[in-house]
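A.B. asks: My structure is below; once you've seen it, I'll send some questions.
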């Protein structure tokens, strides 16, 4: 069942299950956790794990001139994302998942978490497209990425693979939800030019030191 709810000056469509309601409430009550800790006038945003589009709409509300790639691997979520963002031409919906290289991905729910806890895995079968950050930058002519928001249910361990991070210096800020033990992420980011991760709400916020 679908219902409409107010969301930052517009109406959005969500499902009546607890997953959509949780994401909706989180975007309302923890909206600042999606925003970088420094002042930016971003032009290029990647929203990886865009779900039904609420986080992309939140970025549109704050940054009206930014182009936002709304990347979502689940087809049902993606259909709602397209519906919710159809009046925002700066949001570019893309069916697919974030990965460390161009490939095919499968989508599953092994832990029965519902539509906000879906897992992506690399597969040889032609299913959902997987995109690395450089692929997305090339596809949408991004010179850099002002905000890279990542909420991809554990696949972040694949993204931050030290063998394929030539793109990282081109990112100005990262907003990420780390699933499971976060010590690996702290250890990894300590070796980069990013500030120490700061937890706000469900998200860690980091800034490229070249921006501070």
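The values are calculated or read from the model by the stated rules, or taken from the named source; none is laboratory data. Bear in mind that the values here come from a model prediction, so they are computed numbers and not experimental data. Every residue, glycine as well, gets a Cβ built from its backbone with ideal geometry; the counts of neighbours run over all protein chains shown.
A.B. asks: Output the residues belonging to region 62-85 that are in contact with a strand residue (DSSP E or B) (Cβ under 6 Å, 6 or more places away or on another chain), outside any strand (DSSP E or B) and closer than 20 Å to residue 136 by Cβ.
C.D. replies: Within region 62-85, 66, 73, 74, 78, 81, 82, 85 qualify.
A.B. asks: Still on this structure, please answer the following. Could you please let me know if residue 126 is free of Cβ contacts under 8 Å to residues at least 24 places away in the same chain and within 17 Å of residue 50 (Cβ to Cβ)?
C.D. replies: Taking the combined requirement at face value, the residue does not satisfy it.
A.B. asks: Quick one: would you say residue 166 is touching a residue at least 12 places away in the same chain (Cβ under 8 Å), surrounded by fewer than 16 Cβ atoms within 10 Å (Cβ to Cβ) and either over 20 Å from residue 36 (Cα atoms) or out of contact with any strand residue (DSSP E or B) (no Cβ under 9 Å at 6 or more places or on another chain) (or both)?
C.D. replies: Considered against the rule, which asks whether it is touching a residue at least 12 places away in the same chain (Cβ under 8 Å), surrounded by fewer than 16 Cβ atoms within 10 Å (Cβ to Cβ) and either over 20 Å from residue 36 (Cα atoms) or out of contact with any strand residue (DSSP E or B) (no Cβ under 9 Å at 6 or more places or on another chain) (or both), residue 166 comes out as yes.
A.B. asks: Inspect region 148-159 for any residue being without any contact (Cβ under 8 Å) to a residue 12 or more places away in the chain and either surrounded by 22 or more Cβ atoms within 10 Å (Cβ to Cβ) or farther than 28 Å from residue 39 by Cβ (or both) and give the result as yes or no.
C.D. replies: No, every residue in region 148-159 fails to be without any contact (Cβ under 8 Å) to a residue 12 or more places away in the chain and either surrounded by 22 or more Cβ atoms within 10 Å (Cβ to Cβ) or farther than 28 Å from residue 39 by Cβ (or both).
A.B. asks: Could I ask something else about it? So is residue 140 loosely packed, with under 15 Cβ neighbours inside 10 Å and modelled with pLDDT of 90 or more or not?
C.D. replies: Answer is yes for this residue.
A.B. asks: Please go through region 72-89 and give me each residue that is touching a helix residue (DSSP H, G or I) at 6+ places or on another chain (Cβ under 6 Å) and surrounded by fewer than 22 Cβ atoms within 10 Å (Cβ to Cβ), ordered by number.
C.D. replies: Scanning region 72-89 gives a single hit, 88.
A.B. asks: Looking at the structure I just gave you, is residue 7 at pLDDT 90 or above and touching a helix residue (DSSP H, G or I) at 6+ places or on another chain (Cβ under 7 Å)?
C.D. replies: When the stated conditions are applied, residue 7 passes them.
A.B. asks: Another question about this same structure. Every residue in region 116-126 that is modelled with pLDDT of 70 or more and surrounded by 14 or more Cβ atoms within 10 Å (Cβ to Cβ), please.
C.D. replies: Correct list: 117, 118, 119, 120, 121, 122, 123.
A.B. asks: Turning to a different aspect of this structure: Looking for something over 24 Å from residue 59 (Cβ atoms) and without any contact (Cβ under 8 Å) to a residue 60 or more places away in the chain - is there at least one such residue anywhere in region 131-146?
C.D. replies: Within region 131-146, none of the residues are over 24 Å from residue 59 (Cβ atoms) and without any contact (Cβ under 8 Å) to a residue 60 or more places away in the chain.
A.B. asks: OK, next. So, restricting to strands (runs of 3 or more DSSP E) that lie completely within region 1-61, which ones have at least 1 residues that are touching a residue at least 60 places away in the same chain (Cβ under 8 Å) and buried (at least 18 other Cβ atoms within 10 Å of the Cβ)?
C.D. replies: Per the criteria, 10-15, 44-48.
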